[in-house]
């Protein structure tokens, strides 16, 4: 009997290019060893219904992709449909963070909570695929339950106990939000008592234990991340009505009041996710030692660290201070060098994110278009080959509910790329070994030679 074609929910050690996973020939699975639990998951290929039930199940997932039903993509999830995901995402974590995070993998509460059974949840959209929900009714989360899990996650209400089913891990495209949140986590770590962004008093966390990850999403397959805004839009209609702390309220803040700043570039992954080789990690202590507060002194307000993440001295106030003025900041060479030093913290043997990270730090303040000081320092510090290696032109920065710090980042990387492209064009006008001065001298020499030839001709006649 030939092996049947199946489509798995998770990608096992896949190094393929981002895109829908193709059907694979899967032989019947061997029986599991005694005492070994096998996680059963189902993969919905592209936007279609599954062709058959899985023949074998991976023991350890490397990712759990999102597969919403095709009929919803244009209306509720247009950015997800276009794979319009930021190239760079941040994550902050401490020893007290929910779930488990390292520079190699992230795991949500649903797979790590003490006493929690081996996780067998499918994709959060599995209930919208009738064939899957009919085949695995005991392992499919209905839409109301998923909406409640999302609500609890976004309101910081998840708890690390045996009933923790939260499958989500949060990421952000906003470095400003990430730094502010990291300072709050340093001041008071009790994440379990966070209340809608207001951190409650607790014990301080050592600066070195507050980790900041910068992830290059192009190193991971498509469908790994989805925008918080689009999830809110999709699941709000499935929510059990509530008077307060509802998805509907959050959806309103994100969708209709983003001009007031209630948006922080949040994206979610689900299930276990392998990120080794796709990210670089540093910590708050090292950021401080390398001059974070010299570059952005507005962050160095210790009285505000343990209070609100968002309001009353939080991100909203910081945005007003950093971007509220109509006049862009005049850059000085020392601060450009400072940003580059901070950017170098996001460089490892496997992955170098120095230039985009430096641009993100510079983007924490409004800058002049084509800032001459910035471009001059970058030209002195990096070669054209260095810049080409970062592929800045391929840096996707979604425009939905645009954040000032993210918009500024996009402008800066475009300016840097254009500047080095121009320099490359100019250098291409000269022969190898020539300089602009050589070209001018050659022109004068040619003119003199033509003049002498003309004089010689006149004399001979």
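The values are calculated or read from the model by the stated rules, or taken from the named source; none is laboratory data. Please read these numbers as outputs of a predicted model, since none were measured by experiment. Note: ideal-geometry Cβ built from the backbone for every residue, glycine included; neighbour counts use all protein chains shown.
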Return the pairs, sorted by first residue and then second, in which the second residue is at pLDDT 80 or above and part of a loop (DSSP other than H, G, I, E, B), the first residue lies in the range 303-325 and is under 16 Å from residue 364 (Cα atoms), the beta carbons are less than 6 Å apart, and the residues are 6+ apart or on different chains.
-> 322/365; 323/366
Matching residues, the range 383-404, being under 15 Å from residue 420 (Cα atoms) and crowded, with 19+ Cβ neighbours inside 10 Å = 387, 390, 392
Surrounded by 22 or more Cβ atoms within 10 Å (Cβ to Cβ), in a loop (DSSP other than H, G, I, E, B) and within 18 Å of the chain's Cα centre (by Cα): does that describe residue 89?
-> no
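Residues checked against (1) surrounded by fewer than 20 Cβ atoms within 10 Å (Cβ to Cβ); (2) without any contact (Cβ under 8 Å) to a residue 40 or more places away in the chain; (3) at positive phi:
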position	(1), (2), (3)
254	no, no, no
265	no, no, yes
276	yes, no, no
285	yes, no, no
288	yes, no, no
Residues within the range 290-322 that are in a loop (DSSP other than H, G, I, E, B) and buried (at least 16 other Cβ atoms within 10 Å of the Cβ), tallied = 9
Under the condition of being touching a strand residue (DSSP E or B) at 6+ places or on another chain (Cβ under 8 Å) and within 16 Å of residue 176 (Cβ to Cβ), which residue from the range 347-380 is surrounded by the fewest Cβ atoms within 10 Å (Cβ to Cβ)?
-> 366
Counting only residues that are in contact with a helix residue (DSSP H, G or I) (Cβ under 6 Å, 6 or more places away or on another chain) and at pLDDT 90 or above, give me the helices (runs of 4 or more DSSP H) lying completely in the range 111-206 with at least 3 of them.
-> 143-154, 175-187
